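The values are calculated or read from the model by the stated rules, or taken from the named source; none is laboratory data. The structure displayed is predicted, hence computed values, not measured ones. Here the Cβ positions follow ideal geometry from the backbone for every residue, glycine too, while neighbour counts run over all protein chains shown. The accessibility values were calculated without ligands, DNA or RNA, using every heavy atom of the protein model including side chains. Shrake-Rupley method; radii C 1.70, N 1.55, O 1.52, S 1.80 Å.
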Amino acid sequence: MAKISASVYTSHVPAIGAAIDLKKTGEAYWQPLFAGYEYSKEWMKENTPDVIFLVYNDHATAFSLDMIPTFAIGTAAEFIPADEGYGPRPVPKVIGHPELASHIAQSVIQDDFDLTIVNKMEVDHGLTVPLSLMFGEPEAWPCKVIPFAVNVVQYPVPSGRRCFQLGQAIRKAVACFDDDIKVQIWGTGGMSHQLQGARAGLLNREWDNAFLDRLIADPAGLSEVPHIEYVREAGSEGIELVMWLIARGAMSDIQGGPAPTVKHRFYHIPASNTAVGHLILENN
Ligand code: DHB
Ligand code: FE
């Protein structure tokens, strides 16, 4: 049977992707940020999964205001990095896992979460920047990836509670997939940031770190935090953080297992005009 081995959480700031692609990671501005992912890259080499279930949001790249799925699962065999206006990032194409994705869709939809099934989709920085942060610049990504896009761009967006419950349904689905594979679930986006308006550039170190504390130790309580608190404390785009609750909900302790081990925790401001948070939790 398939097993969720670990969850990984990271911001997906596009400027980080540009810094990697333009070979600027050693510059004084960027070095402290990338130093925070050195351990993660080593850990990934030792713990490469067969598949990553990668929760991210599309930034009006694959979807536009014409069509806004709340939760969309990528069931294709491959996903091409998108041109986001300055050309596609020079990263490998993303190889999917149609069998596991279809199985999860079947199980989760029958569990009352109405996913949109996407058989053809391009993927943007929300998905490719986390891959670059965790794997560096390989010729090909070392494992398969199931993209799972959440609408956190256009209101109404899903609640933290709904995301947390969805994670639990995903864990149940993975656990009954009849193949002995190792799956990681990633939650991306955040932390505090606001990209427009009078509060553009908002950073809230204290709130972000309290979010990380609660994500580790009190995820059920954290899932009850209302949207208005994310927006007020973490900025309008800080709402991306609800996606981390999908990954957290898929960990074993939520359904009676032992608490996960915190393998790594990192926080840095600023990157572009955004806070960057990162966490690796291993199931026990
Ligand atoms: C920016 C965009 C994002 O999608 C994000 O999550 C953080 C920052 C930006 O444009 O700076
Ligand atoms: Fe984003």
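Return the FRET efficiency for the residue pair Met1, Ala60: r is the Cβ-Cβ distance, R0 is 41 Å, and the value is rounded to the nearest 0.05. Working shown, then result.
On the way: r = 38 Å, r/R0 = 0.92.
So the FRET efficiency works out to roughly 0.60.
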**Request:** Report, in whole Å, the centroid distance computed from the Cα atoms of segment 239-284 and segment 56-85.
**Result:** 23
**Fill in**
For segment 103-178, shape from the Cα gyration tensor axes a ≥ b ≥ c, cut at a/c of 1.5 then a/b versus b/c, turns out oblate
**Request:** Could you pull out every one of the aspartates and glutamates with an alpha carbon less than 15 Å from that of Lys182, ignoring same-chain neighbours closer than 8 positions?
**Result:** Glu46, Asp50, Glu99, Glu282
**All-pairs Cα distance distribution in segment 81-234, expressed in whole percent, bin size 5 Å** = 1, 7, 14, 18, 19, 18, 15, 7, 1, 0, 0
**Item:** Restricting segment 195-260 to GluC sites (Glu not before Pro) in coil, as DSSP defines it, with at most 14 other Cβ within 10 Å
**Value:** Glu224
**Asked** Within segment 1-135, how many Lys pairs sit with Cα atoms under 27 Å apart, leaving out pairs fewer than 8 places apart on the same chain?
**Response** 13
**Complete:** Among trypsin sites (Lys or Arg not before Pro) in segment 180-221, those in a DSSP loop whose Cβ has at most 15 other Cβ atoms within 10 Å are Arg199
**Fill in**
For segment 150-284, dividing by residue count, accessible area per residue (probe 1.4 Å) in Å² works out to 38
**Prompt:** If only Cα atoms are counted, what is the Rg of the chain, and what is its Dmax, in Å?
**Reply:** 17.1, 51
**Rounded to whole Å, sorted largest first: equivalent-ellipsoid semi-axes of segment 160-284, Cα gyration tensor** = 28, 14, 13
**Message:** Which one, Val118, Ala198, Phe79, is farthest towards the positive end of the dipole of the chain when Lys and Arg carry +1 and Asp and Glu -1 on their Cβ?
**Reply:** Ala198
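Determine the gain in length on full extension of the stretch Ile109-Arg232; use 0.36 nm per residue of separation and subtract their C-alpha separation, reporting nm with one decimal. Walk me through the numbers on the way to the answer.
Values: separation 123, 0.36 × 123 = 44.28 nm, distance 3.27 nm.
Value of the extension gain: 41.0 nm.
Once the Cβ-Cβ distance between Asp179 and Val262 is put in as r, and R0 is 22 Å, what FRET efficiency do you end up with, to the nearest 0.05?
Working: r = 29 Å, r/R0 = 1.31.
Once the sixth-power term is evaluated, E becomes 0.15.
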**Message:** Let's see if you can work this out: charge +1 on each Lys and Arg Cβ, -1 on each Asp and Glu Cβ, no other charges. What is the dipole magnitude of the chain about its Cα centre, in debye to the nearest 20?
**Reply:** 340
**Selected from Pro14, Pro90, Pro142 as most flexible by GNM, with the chain as the system and alpha-carbon contacts under 10 Å** = Pro90
**Asked** GluC sites (Glu not before Pro), restricted to segment 56-139: which are DSSP loop and have at most 12 other Cβ atoms within 10 Å?
**Response** Glu139
**Message:** Out of the total accessible area of the chain (probe 1.4 Å, heavy atoms of protein only), what percent is carbon and sulfur?
**Reply:** 52
